[in-house]
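Contents: one structure, followed by commentary.
The values are calculated or read from the model by the stated rules, or taken from the named source; none is laboratory data. Predicted model only: the values in this text are computed from it and were never measured. Don't worry about glycine lacking a Cβ; one is built from the backbone with ideal geometry, like all the others, and counts go over all protein chains shown. Only protein heavy atoms, including side chains, enter the accessible area calculation; ligands, DNA and RNA are left aside. Shrake-Rupley method; radii C 1.70, N 1.55, O 1.52, S 1.80 Å.
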Amino acid sequence: MKKIVKLQSVAAATGITAIAAFAVVPGAFAATDSSNTVINANIGSTISVTSGATVTLNVAPTAGGSITTASDTVTVTTNDSNGYTLALSTSTASTALAGTPGGSIPASSGTQGAPISLAANTWGYRVDGQGGFGAGPTTAVNNAASESHSWAGVPASGSADTINTTTGATSGEATTVWYGLNATTASAGGTYTNTVVYTATTR
């Protein structure tokens with residue numbers, strides 16, 4: 001007679017369940033991507049210009065002519081790396097000094113390219129070293145019988161003369177503009193006025 005022997009697994013016999021463990025490694029199957037964005041910061045050009053409020057030319061006229069000169073300081077500030085141009089003209093189409101109550105004193109017939117001595121009963125401007133004015137320094141004179149520098153008429157609005165040009169940013173750069181009047185006793189006493197406009201433009 002054969003004897004049958006039954007075998008049981010230890011796990012089954014002891015009531016223990018076998019468990020398989022699987023370890024997940026972080027990032028082992030992660031996906032990634034990237035994108036670039038360029039940041040452009042555009043800083044605009046700025047410019048400012050200031051000048052004196054009034055230039056006064058007090059002349060005691062003589063029969064042969066009496067000359068008085070005085071200066072104005074025009075100051076420009078800009079952050080533009082190309083610099084600026086500075087120009088001047090009268091504020092209207094008229095270039096004469098208009099008298100009160102009447103009459104006028106015409107602008108010099110000289111130009112920036114071809115300035116001339118200040119003729120009797122005319123007014124004009126000059127900027128040392130610009131155009132054909134020649135080197136300075138120009139100095140103020142009061143009621144002089146003569147004056148050695150050359151002058152130009154201030155052009156009318158829309159036909160401005162360039163009086164300075166720069167090639168870089170500036171902080172408070174000054175340009176000196178001289179004005180002169182030659183008056184004889186043929187000009188009536190009174191106040192004669194015009195307005196000069198300075199225009200600074202970035203390059």
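Can you tell me which of Gly103, Gly65 is crowded, with 16+ Cβ neighbours inside 10 Å and of a type in the set (Gly, Ala, Ser)?
Matching residue, one of Gly103, Gly65: Gly65.
Looking only at strands (runs of 3 or more DSSP E) that lie completely in segment 46-145, which have at least 1 residues being within 16 Å of Tyr179 (Cα to Cα) and either of a type in the set (Lys, Arg) or touching a residue at least 40 places away in the same chain (Cβ under 8 Å) (or both)?
Strands (runs of 3 or more DSSP E) meeting the threshold: 66-78, 84-90, 97-100, 122-126.
Just to be sure I understand, how many residues within segment 133-166 are open to solvent by less than 50 Å² (accessible area, probe 1.4 Å), of a type in the set (Val, Ile, Thr) and under 24 Å from the mean Cα position of the chain (by Cα)?
Adding up the residues that qualify gives 3.
Among the residues of segment 133-150, how many are within 27 Å of Arg203 (Cα to Cα) and touching a strand residue (DSSP E or B) at 6+ places or on another chain (Cβ under 6 Å)?
The total comes to 1.
Just to verify a result, which residue in segment 187-203, among those that are closer than 30 Å to Thr170 by Cβ and of a type in the set (A, V, I, L, M, F, W, C), is least open to solvent (accessible area, probe 1.4 Å)?
Of everything passing the filter in segment 187-203, Ala200 is least open to solvent (accessible area, probe 1.4 Å).
Given (1) at pLDDT 95 or above; (2) open to solvent by less than 50 Å² (accessible area, probe 1.4 Å); (3) over 20 Å from Asn194 (Cα atoms), identify the lone condition not met by Leu86.
Of (1) at pLDDT 95 or above; (2) open to solvent by less than 50 Å² (accessible area, probe 1.4 Å); (3) over 20 Å from Asn194 (Cα atoms), only one is false for Leu86: (3).
Looking only at segment 68-96, count how many residues are more than 12 Å from Ala156 (Cα to Cα) and not polar (S, T, N, Q).
Within segment 68-96, residues that are more than 12 Å from Ala156 (Cα to Cα) and not polar (S, T, N, Q) number 8.
Given the conditions (1) more than 21 Å from Arg203 (Cα to Cα); (2) buried (at least 18 other Cβ atoms within 10 Å of the Cβ); (3) not β-branched (Val, Ile, Thr), which single one is not true for Gln130?
(1)
Only one of these conditions is not met by Thr184: (1) within 29 Å of Gly83 (Cα to Cα); (2) surrounded by fewer than 18 Cβ atoms within 10 Å (Cβ to Cβ); (3) of a type outside the set (Phe, Trp, Tyr); (4) in contact with a Pro (Cβ under 6 Å, 6 or more places away or on another chain). Which number is it?
Condition (1) is where Thr184 drops out.
Pairs needed: first member in segment 157-171, farther than 19 Å from Gln130 by Cβ; second member anywhere, polar (S, T, N, Q) and in a loop (DSSP other than H, G, I, E, B); C-beta distance under 8 Å; at least 6 residues apart or different chains.
Ser157/Ser91; Ser157/Thr92; Ala169/Asn79; Ala169/Ser81
Give Ala93, Ala28, Ala41 a once-over and let me know the one that is out of contact with any strand residue (DSSP E or B) (no Cβ under 9 Å at 6 or more places or on another chain), of a type outside the set (Lys, Arg) and modelled with pLDDT under 95.
After applying the criteria, what remains is Ala28.
Being out of contact with any helix residue (DSSP H, G or I) (no Cβ under 7 Å at 6 or more places or on another chain), open to solvent by 30 Å² or more (accessible area, probe 1.4 Å) and in a strand (DSSP E or B) is the requirement here; does Ala174 meet it?
Considered against the rule, which asks whether it is out of contact with any helix residue (DSSP H, G or I) (no Cβ under 7 Å at 6 or more places or on another chain), open to solvent by 30 Å² or more (accessible area, probe 1.4 Å) and in a strand (DSSP E or B), Ala174 comes out as yes.
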